[in-house]
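First the structure, in the form of C-alpha cells, and then the observations on it.
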Amino acid sequence: MKISGFTIVRNALKYDYPVVESITSILPICDEFVVCVGQSEDATRQLVADIGSPKLRIVDSQWDDGLRQGGRVLALETDKALAALAPDTTWGFYLQADEVVHEQYLEAIAQAAARHQHNPQVEGLLFNYTHFYGTYRHVGDSRRWYRHEVRLVRPAAGLRSYRDAQGFRRDGRKLHVMSANAHIYHYGWVKNPRFQQAKQLNFNRYWHSDDWVAHHVPAGELYDYSHIDSVVAFAGTHPAVMRARVAAADWDVDFSQARPRPRLKERLLNGLEHLTGQRWFEYKNYVLMRG
C-alpha cells in the first residue's frame, strides 16, 4: 500500500497559513508528499522546501488569476497536484494548507486505509471536522460549518476536485466512502485579525469580482470576529505540530461582544440539531457506505 499526500499553497507567509504544520502532520504515514506551489509574493516555496523531507516533491504552478468564479481555480490547482502523484499510489491524502491531523489519529487512518485498500468499491475515506474560530480555544458549532469531508481518495480515471476544492467526485458523481474514524482540525478561521482581514480581501477574489469584495468584505486593518452565530470552548488538545504556533498567539477575541444575526430558519435548525444530535437537510458531497 502506498499513501501519497498532496496539497496546494500560495502566499503562505503573507496570509499566515500553517502549511508546514499541515504537511508534517501526515508525513509519518505518507510515502511521498506532492506540494503544488503557486506563484507567490513571499518565500512560500522556500518555506515548503525547508521542511527538508526526502518524501517531499514540489510542483511549481501558475495560478489563473483571471478565473474568478466559485473558487474554481482552487480545484484546478488541486487537480494538478493529484495528477502528479506517483502512478502506483494506492491512496491520495489531500489536506488543504490550513488543515492539520492530530497525531492521535495517524494509526487509525493507516489502519482504515489498509483495511479498504483491496476493495475498489471504497473510493475514499470520510473525516470528521473540528473548525476553530477566532482563537485556538474556540470552535464553531453551528450549521455554517461542514461536519465531514473526504480527504483520502483512491486515484482513478475521472477523479477530479469538486467546485472550490472542498471535496472530490468521479465522472461527476459522488464518491462512495467509508469513515476514517479520525478528525481534521481546520485552522482557516483562527489567526491574528490583521492576517485574517488580509486573507479575506484576497481569498474572496477567487469567488467574486473586485466590486463584490469592496461591497461585502468590511474595510479596515483588522477582521471583526464578532459576526458569528455560535462558538463553544475547545476541550481537547492541539496536534503537537501546532503547539508552538498556538503558544505564540498574540491576540484574543471577546465573544461576549459577539453580534450573531442568524435567520429564523437557521435558529430553528440549530436548535433542532442541538436537541436531537442530528443535522437535518445536511449537504453531503459523498455516499457513506455501511460496513
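Check whether at least one residue in segment 37-44 is in a strand (DSSP E or B), at pLDDT 95 or above and not acidic (Asp, Glu), and report yes or no.
Within segment 37-44, the first condition is being in a strand (DSSP E or B), and the residues that meet it are 37-38.
Checking the rest, the ones that are also at pLDDT 95 or above come to 37-38.
Still in the running and not acidic (Asp, Glu): 37-38.
Yes; the residues of segment 37-44 include at least one that is in a strand (DSSP E or B), at pLDDT 95 or above and not acidic (Asp, Glu).
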Considering only residues that are in contact (Cβ under 8 Å) with a residue 40 or more places away in the chain and of a type in the set (Ser, Thr, Tyr), look in segment 1-50 and name the one that is farthest from Ala182 (Cα to Cα).
-> Tyr15
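Got at least one residue in segment 148-160 being over 18 Å from Thr237 (Cα atoms) and β-branched (Val, Ile, Thr)?
Let us first name the residues in segment 148-160 that are over 18 Å from Thr237 (Cα atoms), namely 148-160.
Filter once more, so that each one left must be β-branched (Val, Ile, Thr): 150, 153.
Among the residues of segment 148-160, at least one is over 18 Å from Thr237 (Cα atoms) and β-branched (Val, Ile, Thr), which makes the answer yes.
Every residue, every condition in (1) part of a strand (DSSP E or B); (2) surrounded by 23 or more Cβ atoms within 10 Å (Cβ to Cβ), yes or no:
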site	(1), (2)
Glu77	no, yes
Lys80	no, no
Asp88	no, no
Ala110	no, no
Gln121	no, no
Asn128	yes, no
Ala157	no, no
Phe168	yes, yes
Out of (1) assigned to a loop (DSSP other than H, G, I, E, B); (2) out of contact with any Asp or Glu (no Cβ under 8 Å at 6 or more places or on another chain); (3) small (Gly, Ala, Ser); (4) surrounded by fewer than 19 Cβ atoms within 10 Å (Cβ to Cβ), the odd one out for Ala114 is which?
-> (1)
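Return yes when Leu67 is in a loop (DSSP other than H, G, I, E, B) and under 21 Å from Arg163 (Cα atoms) and no when it is not. Explain how you work it out, then say what you get.
Numbers: in a loop (DSSP other than H, G, I, E, B): yes; under 21 Å from Arg163 (Cα atoms): yes.
In short, yes.
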Residues satisfying the stated conditions in segment 132-159, i.e. closer than 23 Å to Ala110 by Cα and either among the basic types (Lys, Arg) or modelled with pLDDT of 95 or more (or both) | Arg147, His148, Glu149, Val150, Arg151, Leu152, Val153, Arg154, Pro155, Leu159
Residue in segment 179-199 that is among the polar types (S, T, N, Q) and part of a helix (DSSP H, G or I) present | yes
Residues satisfying the stated conditions in segment 32-56, i.e. under 19 Å from Ala110 (Cα atoms) and surrounded by fewer than 17 Cβ atoms within 10 Å (Cβ to Cβ) | Lys55
Quick one: would you say Tyr94 is modelled with pLDDT of 95 or more, under 30 Å from Asp252 (Cα atoms) and either among the basic types (Lys, Arg) or in contact with a strand residue (DSSP E or B) (Cβ under 6 Å, 6 or more places away or on another chain) (or both)?
-> no
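The values are calculated or read from the model by the stated rules, or taken from the named source; none is laboratory data. Here the structure is a predicted model, which means the values were calculated and not measured. All Cβ positions, glycine included, derive from the backbone under ideal geometry; neighbour counts span all protein chains shown.
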